[in-house]
Amino acid sequence: MPSIKGIPVAPGLALGKVHIIRAKPGTVAQWSIPEDAVDAEVARLGAALDAARELLNRQREIVLRSGGEQEAGIFAVHLAILDDPSAVSQVEKRLREDRVNAEWAVQALVDSLYQQFKGLEGDSVRRYAEDLSEPWVMVRDLLGTRDAEEVSASEEKVVLAAADLTPQVVTFIERNRILAVLTETGGRFSHGAVLARSFGFPTVVALPNLMARLEQDMEVLVDGDRALVTLRPDRDAVDEFIEGQRQKIARQGVLATVSGMPSVTPDGHPLGVHVNLESVRDIESFDVKICDGVGLLRTEFLYMERTQFPTEEDQYRLYRRVVDAMDGRPVVLRVLDIGGDKQLPYLQMPKENNPALGWRGIRVMVEWQDLLRVQLRAALRATAHGEVRILLPMISSVEQIKRVAEIMNRVREQLVSQGYEISQRVMLGVMIEVPSTVWVLPEILQLVDFVSVGTNDLVQYLLAVDRDNSRVSELYDPFHPAVVRVLSRIGSVCAEAGVPSSVCGELASDQAAALSLLGMGFTSISAAPNFLPEIRYAVRTTPIAQARQLAQDLVEAKTSKGVRQRLAQERRRLYQAVKGGNTPTEGAS
Ligand code: PEP
Ligand code: MG
């Protein structure tokens, strides 16, 4: 019963069959096929070949109908290539002998075709090699897309496994069909990881040699808390899993007793507990009673899920849906934050050597002002239906804020002159993600109504560690003493200025860390829905003096280990409080 240890991304337990997916379009993953599944894999290859033939015939007919008899000839050639028995048997032989997946066996054929012609001179020879491999590339790609369709069509829930944790992997199939996600590489704080945590399935990354060790449909047990994956678990391991699930359900029952109660310490100090939303559909996945509002609506996923830019009307409708669902609670809507690994499928952005330090977030939006104006129009129109606050990502200077505030004013005037009803006062806030903003915070606070700390990026920029790069993920440390001290400074500067401050990065989803933020002076936190019950319970059981002491202990800790140990101590205390089931209603309003 071998097991593999990785890096934890999202907690929880899962037991089920693995479905291996290609990590990125255009790349081919390899996995091994169990002996008794080889025939099924050959059949899968056969089905993809049939689909490719059908597609080529259809394309041929379309060209013929438009009178292109000569051009249609290429499809006949491609069909003949797919019918070449030696090529088909070469792929089948590799699949049977090496017991590899069909797309990998097809890729090997494509590579060998290129290899044969590599040494030869001349464009026509190279073109011939391309012609020969083109229909096979089509078969390979069909295997990939049919893969998603097949797994979607089946009723079974699966554990997804892939080479890298990208947003595409996490959204490969509907989220209620995903038991867990496992990847061979990937950082804890990449955007794929953020999504996985918000969707609430256990996720483990950086699992050494994962793809080579897994087989399609292999049964695995995933422990997201310990970042442990057990291959083909035995009876005892399965029994332990069932007991773990039972305890989790019991714990959720106790936590639910405070859902809907104010998030206030027993001595009356509030900490707003807000929710991070990745998509408008998220609002259907939880009971709004668990949150005090939306602390971060990451609008980029709304753009990423489409095939073209959403119009003003599309956006207005979606934002309004969130506002209506929140039933009077505020909604912090973040301006589109694309760039880096958050790419839109319909927008070709320039390739950059250092995308994290490049053209992303507000830097894109102030240059492509049409995009910004359309989004601001939709957001401001939604203010007629509830409290919408606007949040600007990747701000690094006071000048940028002034520039966007001017644009926002002009958009507002235009809307009013066009007869739209919009709120008299719309709060404008900025993300504190770039370290420079911490040092000009007093000046920033004079221009904005609130700030929200994006620790995922702040840690990356403060420590100079790429959040998406698993080679340096050991160095990506949200509990580095420098991070703790910077957070404490932000909390106290904002408290002194009387400006509301929140933390919406992943750090805030830890209940002990959330308490320390309360102690530092932050007025709210925002995290994925599944973390909120623990946090609300923690706030309602902890007097403010205890939260302040925790904050002070963390600030005084000299090492990351010291910070982590102190947080672990606090977590144990909270765990015991919940285990005891002492409903913390006394004293809290
Ligand atoms: C952050 O950087 O912490 C944040 C909340 O934004 P994102 O993770 O979307 O970059
Ligand atoms: Mg960010």
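The values are calculated or read from the model by the stated rules, or taken from the named source; none is laboratory data. Note that this is a predicted model, so its numbers are computed, not measured. Neighbour counts run over all protein chains shown; Cβ positions are idealised from the backbone, glycine included.
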Q. Which one of these is more than 18 Å from ARG298 (Cβ to Cβ), surrounded by 17 or more Cβ atoms within 10 Å (Cβ to Cβ) and within 15 Å of ligand 1 (Cβ to nearest atom): VAL448, VAL465, VAL434?
A. VAL465
Q: Considering (1) in contact (Cβ under 8 Å) with a residue 24 or more places away in the chain; (2) away from ligand 1 (no atom under 16 Å from the Cβ), say which one PHE301 fails and leave the rest.
A: (2)
Q: Just give me the residues in segment 350-377 being in a loop (DSSP other than H, G, I, E, B) and in contact (Cβ under 8 Å) with a residue 24 or more places away in the chain, in sequence order.
A: ARG360, GLY361
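Can SER423 be described as in contact with a helix residue (DSSP H, G or I) (Cβ under 9 Å, 6 or more places away or on another chain), more than 16 Å from ligand 1 (Cβ to nearest atom) and farther than 20 Å from ASP337 by Cβ?
Working: in contact with a helix residue (DSSP H, G or I) (Cβ under 9 Å, 6 or more places away or on another chain): yes; more than 16 Å from ligand 1 (Cβ to nearest atom): yes; farther than 20 Å from ASP337 by Cβ: yes.
Criteria met by SER423.
Conditions tested, residue by residue: (1) at pLDDT 95 or above; (2) under 30 Å from ALA250 (Cβ atoms); (3) away from ligand 1 (no atom under 16 Å from the Cβ).
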| position | (1), (2), (3) |
| --- | --- |
| LEU458 | yes, no, no |
| SER473 | no, no, no |
| ALA495 | yes, no, yes |
| SER524 | yes, yes, no |
Q) So which residues in segment 330-349 are touching a residue at least 40 places away in the same chain (Cβ under 8 Å), surrounded by fewer than 22 Cβ atoms within 10 Å (Cβ to Cβ) and more than 12 Å from ligand 2 (Cβ to nearest atom)? A) PRO330, LEU344, PRO345, TYR346
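Does segment 189-196 include one or more residues that are touching a helix residue (DSSP H, G or I) at 6+ places or on another chain (Cβ under 7 Å), among the hydrophobic types (A, V, I, L, M, F, W, C), over 18 Å from ASP477 (Cα atoms) and within 16 Å of ligand 1 (Cβ to nearest atom)?
Applying the first criterion (touching a helix residue (DSSP H, G or I) at 6+ places or on another chain (Cβ under 7 Å)) to segment 189-196 yields 189, 191-192, 194-196.
Add one more test, that the residue is among the hydrophobic types (A, V, I, L, M, F, W, C), and what stays is 189, 194-196.
Those left that are additionally over 18 Å from ASP477 (Cα atoms): 195-196.
Next, only the ones that are within 16 Å of ligand 1 (Cβ to nearest atom) stay: 195-196.
Yes: one or more hits.
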Q.
Against the condition within 16 Å of ligand 2 (Cβ to nearest atom) and closer than 30 Å to VAL411 by Cα, how does GLY454 come out, does it pass?
A. yes
Q. Which one is nearest to CYS504 (Cα to Cα) among residues in segment 314-335 that are in contact with a helix residue (DSSP H, G or I) (Cβ under 8 Å, 6 or more places away or on another chain) and among the β-branched types (Val, Ile, Thr)?
A. VAL331
Q) Just wondering, is there one or more residues in segment 418-426 that are in contact with a Ser or Thr (Cβ under 9 Å, 6 or more places away or on another chain) and within 16 Å of ligand 2 (Cβ to nearest atom)? A) no
Q: Tell me, please, whether a residue that is within 16 Å of ligand 1 (Cβ to nearest atom) and aliphatic (A, V, I, L, M) can be found in segment 366-381.
A: no
Q. Consider LEU487 against the criteria (1) crowded, with 24+ Cβ neighbours inside 10 Å; (2) within 16 Å of ligand 2 (Cβ to nearest atom); (3) touching a residue at least 40 places away in the same chain (Cβ under 8 Å): it satisfies all of them except one. Which criterion is unmet?
A. (3)
(Q) Among the residues that make up segment 60-77, is at least one of them touching a residue at least 60 places away in the same chain (Cβ under 8 Å) and not hydroxyl-bearing (Ser, Thr, Tyr)? (A) no
Q | Candidate set from segment 295-320 (those that are at pLDDT 95 or above and within 16 Å of ligand 2 (Cβ to nearest atom)); member that is surrounded by the fewest Cβ atoms within 10 Å (Cβ to Cβ) | A | LEU296
Q.
Among the residues of segment 396-436, what is the count of those that are part of a helix (DSSP H, G or I) and either outside the structural domain of ALA497 (by TED's automatic domain parsing) or not hydroxyl-bearing (Ser, Thr, Tyr) (or both)?
A. 19
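Please note which helices (runs of 4 or more DSSP H) are completely contained in segment 437-498 and include at least 2 residues that are out of contact with any strand residue (DSSP E or B) (no Cβ under 8 Å at 6 or more places or on another chain) and not charged (D, E, K, R).
Numbers: elements: 441-445, 455-463, 481-497.
Counting at least 2 such residues, we get 455-463, 481-497.
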**Q.** When residues of segment 391-406 are limited to those that are under 30 Å from the mean Cα position of the chain (by Cα), more than 16 Å from ligand 2 (Cβ to nearest atom) and not polar (S, T, N, Q), the one farthest from LEU463 (Cα to Cα)
**A.** ALA405
Q: Report, by residue number, each residue of segment 97-108 that is out of contact with any Phe, Trp or Tyr (no Cβ under 8 Å at 6 or more places or on another chain), more than 13 Å from GLY46 (Cβ to Cβ) and in a helix (DSSP H, G or I).
A: GLU97, ASP98, GLU103, GLN107, ALA108
(Q) Let me spell it out: the conditions are (1) farther than 16 Å from ASP337 by Cβ; (2) within 13 Å of ligand 2 (Cβ to nearest atom); (3) out of contact with any Ser or Thr (no Cβ under 6 Å at 6 or more places or on another chain), and ALA495 meets all of them except one. Which number is the exception? (A) (2)
